[in-house]
């Protein structure tokens, strides 16, 4: 940031931008984008909150009553879907971590010259649509699909009426699949940064490999665990595609209810209350999680 | 792949025999596990491509029947599909353009100037990325509805019923933060002395920006634009709330998959996938060459 001075010194012909607009330059640069975000991120959030404490319909319009009826309804009627979201989102986060950590570790410490290729393969799913990937799972897991058909009719290890599709298992498998790259990438970034000499030093000081891993590698990887868990848990909580395509009515998550309330029932107060609870819940969860991991630099 | 992964790693000073199980895990299990995980990630993509050559028996492309090129010969042969793809492409192009411009400006301001509130803004810019998509979509819908109802109705431009314009607004919004973060990362390693040199040689600020700064940060801007484009063209959750009766490709797929699963979905999915992979391969080859030259 020493660059501000030379500009003034070497002012060549004519007034410079800085001379003409002075201190306004950063604000001028910020203004258009920030106005956009205020109009279409901040104000919608306020509007959503307003509707959550209003009554009315699309035809009559909504009036603010400051009542909490919508919140009562949201919790009374849709508690199960909230729990489903926490459960399935949590399970997906756990499985992505269990799968992602060894993978990220291998890429970071053993990738060698194939590092970039493997990383490329990890993000390759992003080049296909989320929806089409989930439909592919539907094909794969289908009752007569490429996975079950051979097990049923060739190997005869499964009964003919065995089914995975439309169960919680398929749904969690889909969520895990869809968010796995979001876990691997931050884990990789954190592990890659670790100075191998620190691990060597631990081993020189008579830590066995397990202890070195537990006392050196793992703590240093925590920021990656934090970022990866958030990047997985937040979208997985709000997801409704996997529940819709791979689950069944009893495995629906809160996203399914929000979508149903707002787009099909036009029930704006309850839909808004549900979204607001989801957002508040996630903010609280993030705060608790950040404290639990105990590092303040995590968010920086 | 397993071979590649088991390349020797720098051996620690302690003899590996001290934990022979740990050693075996490190040597065999990790590469094998990683290979399996990569396979897990690739399988649905393989399914998508393979089933694009299927000739399904009924309306649903769920079960392999026989090889056929029908889907590839007539990739848009379903009512509404062509329009949806065109809408997706236009939204992606326009939202990428706007978000890249707005986001780059914010990124420049955040990295190159000191001003009141800069620290807070650095954090706030992450908020849209940390908010669940469904909440972004839901809250935008409440705003768009509100513009058509009292007390806002008549006072502000109406954005309801929703359609192309509201999809575009939403995509620009969620893309801005991603652009800012990407551009900032690129600007962090920027050598300001290059600009000082240009100005010492008599260039004014605008010339310096266009002749020195911009070309240097251009790769970062391109990376941000590619990211924005891919996020936009794939978005379903937010778009579903603000699209009304307008279809983008993901919305079209979602609405049709209850009644039919045409093979064309796989064909277009494969085209997008192969196109994206080709593009990335091309840019990484080029940047690889640039690095070597430097």
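Just so you know, all these numbers are worked out from the coordinates, no wet-lab data involved. Note that the structure is predicted; figures quoted are calculated from it, not measured. No Cβ is skipped: glycine too gets one built from the backbone with ideal geometry, and neighbour counts run over all protein chains shown.
List of remarks:
- Gyration tensor verdict on region A:68-294 (Cα atoms; rounded if a/c is under 1.5, prolate if a/b is larger than b/c, oblate otherwise): oblate
- Of A:260, A:166, A:242, the residue with the greatest mean-square motion in the GNM of chain A, using alpha carbon springs below 10 Å, is A:260.
- Note on the protein assembly as shown: helix-only mean residue ellipticity at 222 nm, from DSSP H runs of 4+ residues weighted -39500 (n - 2.57) and normalised by residue number, equals -21000 deg cm²/dmol.
- Estimated at 0.36 nm per residue, the fully extended path between residue A:39 and residue A:157 surpasses their Cα-Cα distance by 36.7 nm.
- Approximate spin-label separation residue B:201-residue A:167, in nm, with each point projected 7 Å along Cα-to-Cβ: 6.9
- Rg/Rh (Cα only; Kirkwood hydrodynamic radius) as it applies to the protein assembly as shown: 0.99
- Reducing region A:208-247 and region B:214-288 to their Cα centroids gives an inter-centroid distance of 26 Å.
- Inter-site label distance for residue A:218 and residue B:23 at 7 Å from Cα along Cβ, in nm: 2.3
- Per-pair calculated FRET efficiency, R0 = 51 Å: residue A:27 and residue A:198 via Cβ, rounded to 0.05: 0.70
- Förster radius 41 Å - calculated FRET efficiency between residue B:115 and residue A:94 (Cβ-Cβ, nearest 0.05): 0.45
- Length gained when the stretch residue A:208-residue A:189 is fully extended (0.36 nm per residue, less Cα-Cα span): 4.3 nm
- Rg/Rh for region B:79-261 stands at 1.08; both radii use Cα atoms, and Rh follows the Kirkwood definition.
- Max mean-square fluctuation residue, GNM over chain B, Cα-Cα springs under 10 Å, options B:164, B:174, B:190: B:190
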